[in-house]
Each structure stands twice: as structure tokens, then as C-alpha cells.
1. What number of residues within segment 1-23 are within 14 Å of the chain's Cα centre (by Cα) and of a type in the set (A, V, I, L, M, F, W, C)?
2. Are there any pairs, at least 6 apart or on different chains, whose C-beta atoms fall under 6 Å, with the first in segment 1-16 and at pLDDT below 85 and the second part of a helix (DSSP H, G or I) and surrounded by 11 or more Cβ atoms within 10 Å (Cβ to Cβ), and if so, which?
3. Please state which one of ILE126, ILE145 is in a helix (DSSP H, G or I) and surrounded by 14 or more Cβ atoms within 10 Å (Cβ to Cβ).
4. Between a first residue in segment 93-120 that is under 14 Å from VAL134 (Cα atoms) and a second residue that is acidic (Asp, Glu), which pairs have beta carbons less than 7 Å apart while being 6 or more apart in sequence or on different chains?
5. If you take the residues in segment 90-111 that are under 18 Å from ASP69 (Cβ atoms) and assigned to a helix (DSSP H, G or I), which one is most open to solvent (accessible area, probe 1.4 Å)?
Amino acid sequence: MKFKFFFIPTHHTTSAEDQLNAFVSQHAITDVRREYSPRSDPPGWSICITYEGASPSASDTRRSREEVDYRRVLSPEDFSVYYEARELRKQLAAEAGIPVYQVFTNKQLAEMVTGRVRSVTQLRDIAGVGAARVERYGEAFVALITRLQEEEAPDQ
């Protein structure tokens, strides 16, 4: 049994929450203890995570999730746009020093493409896409997807 401690401040929680969520998604959690500390500077939540041994390997994690081959699921035109959106995601994640899924997941990118997302408001309708992601990355993805889909559309 191992322990990991986190502190989530009451304000400006995004970075701390992302770290906590990344840790929890990669480990077999056995217990979570939390305590609110209103008098700490800054006030926030102290969290103790108890987990089992080593984290699962990346290959084990991939096998346990259902993988989708978007090259087969999407039309050739949509896959072309999806591929470019993945490249943008990869670039933004590298700049921020975070895993690509923290920008958007493959499923979210596919939904943007197939849903013909044309505004940041439409992004919020996609499961798991919250205000912070929309604020950080929304405009870039909407602009890319709109431009590429207009290029792919035949002249009318």
C-alpha cells in the first residue's frame, strides 16, 4: 500500500485537479481521505490517496479501454480533419507539458468533426468538455475544423 498527497486550493483549482485526476486514472485506488482546511493559506482541500503498488503499464491501460479505429469509423474527409485536429492537440499538449488527452480525447475530437462544430458554444455540448477546456483551446479547434471542412466541401 502506498500514499499520495494532494492539495486543491479553493480558487484556481484546474491545475491541481488535473494532476489529481491524472494520478487517479493511472492507479488502483483503495481509499481517499479528504479534509477541508479553511484557515490554510490559501484555503483548500487536503487529500490523501491510498493506492496499490505500481501503476499499470501504458499497454495494460490501453488494452483495458475500448479502442476505436477512427480511420474506419469516419469518412475519408472527416478523418482528414480529425487527423489535423490531433496534430493541433499534440502541439498544444507539448507546449503545455501535459498529456494529449488533457486537451481533448480522441472521442471528443471525433465528435467535433462529425458534429461540424462551428462555435465554442457547440463545444460545450460534447461530453467532458468543460468551460476551462473551451476557454483554453476552443477557438483554435473551432477555427481549424471550420477551415478544413470548408476546404473539403465541394463548391456549390
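1. Adding up the residues that qualify gives 3.
2. Hits for this filter: THR14/ALA132.
3. Working: ILE126 fails: in a helix (DSSP H, G or I).
On inspection, the qualifying residue turns out to be ILE145.
4. Short answer, once both residue conditions are applied: GLN102/ASP18; VAL120/GLU139.
5. The qualifying residue most open to solvent (accessible area, probe 1.4 Å) is LYS107.
Okay, residues lined up against (1) farther than 21 Å from VAL73 by Cα; (2) in contact with a strand residue (DSSP E or B) (Cβ under 7 Å, 6 or more places away or on another chain); (3) among the polar types (S, T, N, Q):
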| residue | (1), (2), (3) |
| --- | --- |
| ASN106 | no, no, yes |
| LEU109 | no, no, no |
| VAL117 | no, no, no |
| VAL120 | yes, no, no |
| ARG124 | yes, no, no |
| ARG133 | yes, no, no |
| ARG136 | yes, no, no |
| ALA140 | yes, no, no |
| ALA143 | yes, no, no |
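The values are calculated or read from the model by the stated rules, or taken from the named source; none is laboratory data. The model shown is predicted, which means the values in this text are computed figures rather than measured ones. Here Cβ is always computed from backbone atoms with ideal geometry, including for glycine, and neighbour counts include all displayed protein chains. The protein model used for the area step is the full one, side chains on, heavy atoms only, and it has no ligands, DNA or RNA in it. Shrake-Rupley method; radii C 1.70, N 1.55, O 1.52, S 1.80 Å.
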